[in-house]
Ligand SMILES: Cc1ncc(COP(=O)(O)O)c(C=O)c1O
């Protein structure tokens, strides 16, 4: 049995109910690097997907968590605690909004945004009871709850989970005319990923997000931006909507908001929108707990410096410059922004991803022909160049 086979067997043994697409077993991690149980090191280019935008065990974040561990971690929701107010105020300020509703996973935040849009639609917009609809886009990935998979267009995510939640209309991503045609007086929201992550880092045509904003404003519908993967510095700006100077009505955040330490997600909007929830009408046991808030506050403080956005912009420009020079007989297209890329190959991506793993780089394929690259924003230029050298080698093999 080869070493890889052994690790694959070990991985499978430990994960009979939890599919792990890469056959390695991680024991430790720091910065942009992870180490497997045999002491082999890999550069982790899966950071957007796994929520470690700021690197594994970022010292600022582990320190914030440790400080809070020595004070208070969880309390009954019957109490206030001293991290909640500052967290929601600081995150709201980062987003330029009034209110924050913290949850835990990304899917829960998306569900919260959908509930917000419906409740707002009935109580503020005046849509007749039971008639609200929300528009979503083909190729979307917003999580795995029964309602969210109801508007998925991926059979793997959706099939066999019906009956599906009604009230969604799905149109092609990037198609302004289809969106316009689908909207009517009962449309309460448009749920959009500013860049579709799981679909393969799909950047919409220029002007699309502006058009979504304008159509939502004209139609009196909420623009719900799912920035769970695209947000928090990943694309070189705090939020990916900023590339078109668009301000959505609702930001949906998750993944890196928990600093790679805790599941922390949030919905952020103004009071006239999020204020539709009255105390006791929505929430979760763990949402907004003291440890989560302390870590989230540090994430917000780090983003306020602009340092991570700048790293993503500068290193991302360098990465895209190098990716753009890959041979066109192997690479069909490179998409993305900042330190985030989908490299669309002419052939299958899985063998390239496996070869990269042998070379010490973790980059998972998606949809047969795309390799996704999303290094932690703390990656050094030297490490990034080394990873890109390995990609060039893997593509030649
Ligand atoms: C854009 C987007 N929304 C929502 C989710 C779901 O987040 P979670 O897995 O934390 O529920 C993801 C996860 O990949 C995502 O990329």
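The values are calculated or read from the model by the stated rules, or taken from the named source; none is laboratory data. What you see is a predicted model, and the numbers here were worked out from it, not measured in a lab. With ideal geometry, Cβ positions are generated from the backbone for all residues, glycine too; neighbour counts draw on all protein chains shown.
Inspect all residues belonging to the stretch 243-254 and state whether any of them is surrounded by 23 or more Cβ atoms within 10 Å (Cβ to Cβ), closer than 18 Å to residue 135 by Cβ and more than 16 Å from the ligand (Cβ to nearest atom).
Taking every residue of the stretch 243-254 in turn, at least one turns out to be surrounded by 23 or more Cβ atoms within 10 Å (Cβ to Cβ), closer than 18 Å to residue 135 by Cβ and more than 16 Å from the ligand (Cβ to nearest atom).
Just to check your reading of the model, which residue among 174, 189 is surrounded by fewer than 23 Cβ atoms within 10 Å (Cβ to Cβ) and either touching a helix residue (DSSP H, G or I) at 6+ places or on another chain (Cβ under 6 Å) or touching a residue at least 60 places away in the same chain (Cβ under 8 Å) (or both)?
Details: 189 fails: surrounded by fewer than 23 Cβ atoms within 10 Å (Cβ to Cβ).
None of the other options fit; the residue is 174.
Go through the stretch 221-242 and give me each residue that's within 16 Å of the ligand (Cβ to nearest atom), in a loop (DSSP other than H, G, I, E, B) and out of contact with any helix residue (DSSP H, G or I) (no Cβ under 7 Å at 6 or more places or on another chain).
Once the filter is applied, which keeps residues that are within 16 Å of the ligand (Cβ to nearest atom), in a loop (DSSP other than H, G, I, E, B) and out of contact with any helix residue (DSSP H, G or I) (no Cβ under 7 Å at 6 or more places or on another chain), the stretch 221-242 yields only 239.
Could you identify the single residue in 273, 264, 300, 268 that is surrounded by 15 or more Cβ atoms within 10 Å (Cβ to Cβ) and in contact with a strand residue (DSSP E or B) (Cβ under 6 Å, 6 or more places away or on another chain)?
Details: 273 fails: in contact with a strand residue (DSSP E or B) (Cβ under 6 Å, 6 or more places away or on another chain); 264 fails: in contact with a strand residue (DSSP E or B) (Cβ under 6 Å, 6 or more places away or on another chain); 300 fails: in contact with a strand residue (DSSP E or B) (Cβ under 6 Å, 6 or more places away or on another chain).
Of 273, 264, 300, 268, the one residue that is surrounded by 15 or more Cβ atoms within 10 Å (Cβ to Cβ) and in contact with a strand residue (DSSP E or B) (Cβ under 6 Å, 6 or more places away or on another chain) is 268.
Exactly one condition in (1) out of contact with any helix residue (DSSP H, G or I) (no Cβ under 6 Å at 6 or more places or on another chain); (2) farther than 11 Å from residue 191 by Cβ; (3) not in a loop (DSSP other than H, G, I, E, B) is not met by residue 212; state its number.
Of (1) out of contact with any helix residue (DSSP H, G or I) (no Cβ under 6 Å at 6 or more places or on another chain); (2) farther than 11 Å from residue 191 by Cβ; (3) not in a loop (DSSP other than H, G, I, E, B), only one is false for residue 212: (2).
Given the conditions (1) more than 14 Å from the ligand (Cβ to nearest atom); (2) under 18 Å from residue 281 (Cβ atoms), and given that residue 163 satisfies all but one, which numbered condition is not satisfied?
(2)
So residue 106 clears everything in (1) touching a strand residue (DSSP E or B) at 6+ places or on another chain (Cβ under 6 Å); (2) away from the ligand (no atom under 16 Å from the Cβ) except one condition, right? Which one?
Single failed check for residue 106: (2).
Quick one: is residue 80 assigned by TED's automatic domain parsing to the domain that holds residue 216, within 12 Å of the ligand (Cβ to nearest atom) and closer than 19 Å to residue 281 by Cβ? Give the steps one after another, and end with the answer.
Working: assigned by TED's automatic domain parsing to the domain that holds residue 216: yes; within 12 Å of the ligand (Cβ to nearest atom): no; closer than 19 Å to residue 281 by Cβ: yes.
Taking the combined requirement at face value, the residue does not satisfy it.
Inspect the stretch 207-220 for any residue being modelled with pLDDT of 95 or more, under 25 Å from residue 122 (Cβ atoms) and within 16 Å of the ligand (Cβ to nearest atom) and give the result as yes or no. Before you say what the answer is, go through the steps one by one.
So the first thing to find is which residues in the stretch 207-220 are modelled with pLDDT of 95 or more, and the list is 207-220.
From what is left, the residues that are under 25 Å from residue 122 (Cβ atoms) are 212-220.
Next, from what is left, pick out any that are within 16 Å of the ligand (Cβ to nearest atom): 212.
Yes, that holds for at least one residue.
Anything in the stretch 45-75 that is closer than 29 Å to residue 284 by Cβ and within 16 Å of the ligand (Cβ to nearest atom)? List them, or say none.
46, 47, 48, 49, 50, 51, 52, 53
What pairs come out if I take residues in the stretch 100-115 that are farther than 8 Å from residue 267 by Cα and pair them with residues that are within 7 Å of the ligand (Cβ to nearest atom) and in a helix (DSSP H, G or I) whose C-beta lies under 8 Å away, six or more apart or interchain?
Qualifying pairs under 8 Å: 106/255.
Would you say residue 324 is more than 30 Å from residue 218 (Cβ to Cβ), touching a strand residue (DSSP E or B) at 6+ places or on another chain (Cβ under 9 Å), surrounded by fewer than 24 Cβ atoms within 10 Å (Cβ to Cβ) and not assigned by TED's automatic domain parsing to the domain that holds residue 80?
On the way: more than 30 Å from residue 218 (Cβ to Cβ): yes; touching a strand residue (DSSP E or B) at 6+ places or on another chain (Cβ under 9 Å): yes; surrounded by fewer than 24 Cβ atoms within 10 Å (Cβ to Cβ): yes; not assigned by TED's automatic domain parsing to the domain that holds residue 80: yes.
It is true that residue 324 is more than 30 Å from residue 218 (Cβ to Cβ), touching a strand residue (DSSP E or B) at 6+ places or on another chain (Cβ under 9 Å), surrounded by fewer than 24 Cβ atoms within 10 Å (Cβ to Cβ) and not assigned by TED's automatic domain parsing to the domain that holds residue 80.
Within the stretch 358-397, track down each residue that is surrounded by 22 or more Cβ atoms within 10 Å (Cβ to Cβ) and in a helix (DSSP H, G or I).
Within the stretch 358-397, 387, 391 meet the criteria.
Out of (1) out of contact with any strand residue (DSSP E or B) (no Cβ under 9 Å at 6 or more places or on another chain); (2) within 15 Å of the ligand (Cβ to nearest atom); (3) farther than 21 Å from residue 283 by Cβ; (4) touching a residue at least 24 places away in the same chain (Cβ under 8 Å), what's the single condition that is false for residue 141?
(1)
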